[in-house]
Amino acid sequence: GAGVSQSPRYKVAKRGQDVALRCDPISGHVSLFWYQQALGQGPEFLTYFQNEAQLDKSGLPSDRFFAERPEGSVSTLKIQRTQQEDSAVYLCASSLVGRGGLSYNEQFFGPGTRLTVL
Amino acid sequence: SQQGEEDPQALSIQEGENATMNCSYKTSINNLQWYRQNSGRGLVHLILIRSNEREKHSGRLRVTLDTSKKSSSLLITASRAADTASYFCATDEGVNNNDMRFGAGTRLTVKP
């Protein structure tokens, strides 16, 4: 009965370093979402996967951000050449079925990874 | 970009009092949801209200939705210290259900 887990919980990087953030969704969940939450703000959508397919990456702020979910379960968000403005909490969420249609599917959130870029 | 805006930004009350938080949004929606976030934690889903509903209850929570004013309110009755958290509204819009847009949140502090 594990929920969504993320690792690491905290990451400190020097400006220019590459980082990789991991998300383990709830087993069997089709949809996976990444959000970025700046201090004192609400989460902002980054990207969406349905199984292994990345169907929406419209929220990724630059081409330094890259996400993958190669086997349709675990996902990794990679940020290359980190900048100070990348400092934020990165939240992952999963839901049981795919996006679209009229039915609502609850998203279950992980605890987030707090990234600090010095 | 964020869709919803909550007010107040911060609210401090005594235990036992009621807390009311408001959310306004800009475009047509399918659903509006309220989430809670404890410090350093992920978001927990509280309640969903559909665009054709006007009011919904869940335990000590009451949510209203006024689509003509593009606004929603969350009322927490008989507040407890454990209700201390940030509360966010999230709307989904357009053809993609689950494509949520969050507001900046209301920071609620309930003093024992």
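The values are calculated or read from the model by the stated rules, or taken from the named source; none is laboratory data. If you're wondering where the values come from, they're calculated on a predicted model, not measured in any experiment. We place every Cβ from the backbone using ideal geometry, glycine too, and count neighbours over all the protein chains shown. SASA here: full protein model, heavy atoms, side chains in, ligands and nucleic acids out. Shrake-Rupley method; radii C 1.70, N 1.55, O 1.52, S 1.80 Å.
Given the structure, is B:SER58 surrounded by fewer than 18 Cβ atoms within 10 Å (Cβ to Cβ), out of contact with any Cys (no Cβ under 7 Å at 6 or more places or on another chain) and within 14 Å of chain A (Cβ to nearest Cβ)?
Judged against the criteria, B:SER58 is a match.
For region A:51-66, which residues satisfy the criterion of being under 25 Å from B:PHE88 (Cα atoms) and either in contact (Cβ under 8 Å) with a residue 24 or more places away in the chain or open to solvent by less than 60 Å² (accessible area, probe 1.4 Å) (or both)?
Those that are under 25 Å from B:PHE88 (Cα atoms) and either in contact (Cβ under 8 Å) with a residue 24 or more places away in the chain or open to solvent by less than 60 Å² (accessible area, probe 1.4 Å) (or both): A:ASP56, A:GLY59, A:LEU60, A:PRO61.
Somewhere in region B:26-44, is a residue over 11 Å from the mean Cα position of the chain (by Cα), farther than 27 Å from A:SER94 by Cβ and of a type in the set (Gly, Ala, Ser)?
Within region B:26-44, none of the residues are over 11 Å from the mean Cα position of the chain (by Cα), farther than 27 Å from A:SER94 by Cβ and of a type in the set (Gly, Ala, Ser).
All but one of (1) in contact with an Asp or Glu (Cβ under 7 Å, 6 or more places away or on another chain); (2) buried (at least 21 other Cβ atoms within 10 Å of the Cβ); (3) away from every other protein chain (no Cβ under 14 Å) hold for A:LEU77; which doesn't?
Of (1) in contact with an Asp or Glu (Cβ under 7 Å, 6 or more places away or on another chain); (2) buried (at least 21 other Cβ atoms within 10 Å of the Cβ); (3) away from every other protein chain (no Cβ under 14 Å), only one is false for A:LEU77: (1).
Can you tell me which of B:ASN38, B:ASN96 is surrounded by fewer than 17 Cβ atoms within 10 Å (Cβ to Cβ), modelled with pLDDT of 90 or more and either within 11 Å of chain A (Cβ to nearest Cβ) or farther than 30 Å from A:ARG9 by Cα (or both)?
Checking each option against the conditions leaves just B:ASN38.
Given (1) in a strand (DSSP E or B); (2) more than 10 Å from chain A (Cβ to nearest Cβ); (3) farther than 23 Å from A:ALA88 by Cβ, identify the lone condition not met by B:LEU48.
(2)
Counting only residues that are in a strand (DSSP E or B) and in contact with a Gly (Cβ under 8 Å, 6 or more places away or on another chain), which one in region B:3-17 is least open to solvent (accessible area, probe 1.4 Å)?
If we take residues in region B:3-17 being in a strand (DSSP E or B) and in contact with a Gly (Cβ under 8 Å, 6 or more places away or on another chain), then B:GLU6 is least open to solvent (accessible area, probe 1.4 Å).
Checking B:LYS56 against (1) over 19 Å from A:PRO43 (Cα atoms); (2) under 10 Å from the mean Cα position of the chain (by Cα): exactly one of these is not met. Which one?
Result: B:LYS56 fails condition (2) only.
Being in a loop (DSSP other than H, G, I, E, B) and closer than 23 Å to A:GLN37 by Cβ is the requirement here; does B:SER39 meet it?
yes
Taking region A:15-24, which residues are open to solvent by 20 Å² or more (accessible area, probe 1.4 Å) and part of a strand (DSSP E or B)?
Matches in region A:15-24: A:ALA20, A:ARG22, A:ASP24.
If you go through region B:74-93 one residue at a time, how many are open to solvent by 20 Å² or more (accessible area, probe 1.4 Å), in a loop (DSSP other than H, G, I, E, B) and at pLDDT 95 or above?
4
Restricting region A:57-100 to residues that are among the charged types (D, E, K, R) and farther than 23 Å from B:ARG101 by Cα, which is modelled with the highest pLDDT?
Of everything passing the filter in region A:57-100, A:ARG81 is modelled with the highest pLDDT.
Residue pairs, Cβ under 8 Å, 6 or more apart or interchain, first in region A:79-95 and part of a loop (DSSP other than H, G, I, E, B), second crowded, with 21+ Cβ neighbours inside 10 Å. List them.
A:THR82/A:LEU115; A:SER87/A:LEU115
For residues that are assigned to a strand (DSSP E or B) and away from chain B (no Cβ under 13 Å), tally how many sit in region A:25-57.
The qualifying residues number 2.
What number of residues within region B:18-35 are surrounded by 13 or more Cβ atoms within 10 Å (Cβ to Cβ) and either of a type outside the set (A, V, I, L, M, F, W, C) or within 11 Å of another protein chain (Cβ to nearest Cβ) (or both)?
Summing the residues that are surrounded by 13 or more Cβ atoms within 10 Å (Cβ to Cβ) and either of a type outside the set (A, V, I, L, M, F, W, C) or within 11 Å of another protein chain (Cβ to nearest Cβ) (or both) in region B:18-35 gives 11.
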